[in-house]
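K.L.:
Please read through the structure below; I'll follow up with questions.
Every read-out reported here was derived from the displayed coordinates using simple, explicitly stated rules and does not represent laboratory data. None of the values given here were measured: they were computed from a predicted structure. Note that we place each Cβ from the backbone using ideal geometry, even for glycine, and neighbour counts take in every protein chain shown.
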Amino acid sequence: MGVFVFLPLVLPLSAWPVARLAEGHLHPRTATRLLTAVAVVMAVCSTLCLALLMVVGTAQLPGNPLPDGWSDPEVRAAVPHDEVAGRVAIPALGAVAVACGRTLWRHRRVTRRAHRALAALPGPTVAVLPDSTPYAYALPGGRGRIVVTTALLSGLAPAERRALFAHERAHLAARHHRHLLAAHLAARANPFLRPLRTAVVYTAERWADEEAARAVGDRRTVARAIGKAALLSRGTPAPTLAALAATGPVPRRVAALLAPAPAARTWPSAFTAVGLAAWGAAAGALMSAMSSANSAVTLFRILHSATPL
Amino acid sequence: MVRDGGRARRRGQGELEGQVLGALREAEGPVTAAWVQERLGGDLAYTTVVTILTRLLAKDVVARERQGRSFLWTPTADVARLAALRMRRLLDGERDRQAVLASFVTALPPGDEQVLRALLDAAEPGSVNSRKTAHTRDGGTED
């Protein structure tokens with residue numbers, strides 16, 4: 001199967017155009033789900049591929065505990081440059097495991113510490129914090145909590161505050177943190193999936209924006225709330241907010257809200273240029289995922305047949 | 001005052017800070033650390049209470065005055081302020097919290113500010129005639 005063994009490692013590159021198209025043309029809800037699913041499938045395939053390569057690599061090490069058949073010439077022939085690939089795969093897989101473990105651990109730690117910080121406050125869902133830094137977060141876990149500072153609230157008109165709360169409630173209700181976490185883990189598993197993570201972060205925000213627009217009944221109010229909030233936080237010296245700079249291009253969200261609501265139909269028609277591109281890109285992503293899986297299965301079979309029973 | 005019906009759970013420092021501050025706020029006036037310790041149910045060591053009070057002093061949410069050989073403590077902020085401080089510290093310390101916290105506010109890269117202001121100006125009521133269109137399309141945003 002030659003170089004196809006390595007395909008799952010580089011195929012995530014093909015998801016980039018899908019991410020671009022989905023971001024721009026699909027309903028945010030569809031885009032978030034699609035991109036998360038593609039990211040997870042590709043990350044799993046890529047990690048599986050690394051694991052199998054690592055097995056081939058490890059089997060060649062003297063004194064390894066693996067079956068002797070795994071270091072047979074037939075197995076090694078399945079992997080081009082098997083010596084190098086096997087040796088590189090070992091630290092690579094280790095790095096993936098460490099990175100994913102750290103992401104999960106951080107996720108748990110931040111959630112736990114944030115809940116603990118708010119434990120003494122009354123009110124089951126909304127926590128208003130007296131703070132001069134404007135920020136708002138949807139904190140998952142349990143029934144979820146909306147954290148918002150007085151600085152942000154005081155900068156918004158009543159209708160815009162409703163939009164803000166509707167936005168955060170949408171995050172909690174649709175459990176966006178699961179999509180975000182999945183996308184983050186996928187990006188840790190294969191760095192080529194980073195654009196998908198960025199896209200998911202953006203589409204999840206857009207999804208919540210659209211939900212808020214529906215709840216408030218006025219797209220412009222939501223647009224103004226987002227815009228004002230971003231301008232409020234602009235001058236804050238806190239490094240926290242600067243670190244979020246990559247999160248999402250606010251002007252794009254505002255512009256999207258000022259435009260008509262996106263079509264709720266799941267897929268654009270295949271007969272428009274956009275539809276054709278979106279369908280083509282989605283099919284490409286599916287094919288990459290399939291061939292990732294195929295390569296992984298093939299390698300697995302070769303190893304399986306080489307295993308003495 | 002062990003939470004959760006006496007389930008023996010180790011309480012985090014932050015949780016204790018909240019409880020100590022809460023106790024101080026329930027007091028009629030300035031009180032001693034021993035009063036706080038008694039108020040919290042006595043399962044905390046006296047030194048722990050003093051440590052926490054000192055930490056709260058450093059955060060500027062309590063004040064103290066000397067009376068004889070001990071200090072009298074008064075709260076200067078409420079529980080919400082303490083929670084805000086702790087949340088800030090948490091956010092400042094975490095670089096990778098996007099995986100956890102979906103945020104409403106995102107910082108603007110310098111160039112984006114102009115674009116955003118222009119967009120918002122265009123969105124002001126009365127300045128754009130596409131308003132009606134946006135409204136009618138709203139109704140069509142179905143699942």
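K.L.:
Multiply the residue gap between residue A:294 and residue A:125 by 0.36 nm, knock off their C-alpha separation, and tell me the result in nm, one decimal place.
P.N.:
56.2 nm
K.L.:
Okay, next question. Regarding segment A:15-90, what are the three Cα extents along the principal axes, ordered largest first, in Å?
P.N.:
54, 21, 18
K.L.:
Pairwise over distinct Cα atoms, reciprocal of the mean inverse distance: report the Kirkwood radius of segment A:2-306 in Å, one decimal place.
P.N.:
Answer for segment A:2-306: a Kirkwood hydrodynamic radius of 21.5 Å.
K.L.:
Sticking with this structure for a sec: Along each of its three principal axes, how wide is the spread of alpha-carbon positions in segment B:13-80, in whole angstrom units, largest first?
P.N.:
That works out to 30, 25, 22 Å along the principal axes.
K.L.:
Residue B:43 versus residue B:25, label points 7 Å from Cα toward the beta carbon: distance in nm?
P.N.:
Modelled inter-label distance: 2.3 nm.
K.L.:
How about segment A:140-230: which trypsin sites (Lys or Arg not before Pro) there lie in a loop by DSSP and see at most 13 other Cβ atoms within 10 Å?
P.N.:
The qualifying sites are A:143, A:175.
K.L.:
Here's a follow-up. If you take the beta carbon distance between residue A:72 and residue A:104 as r and set R0 to 41 Å, what does 1/(1 + (r/R0)^6) give as a FRET efficiency, to the nearest 0.05?
P.N.:
After rounding to 0.05, the efficiency reads 0.65.
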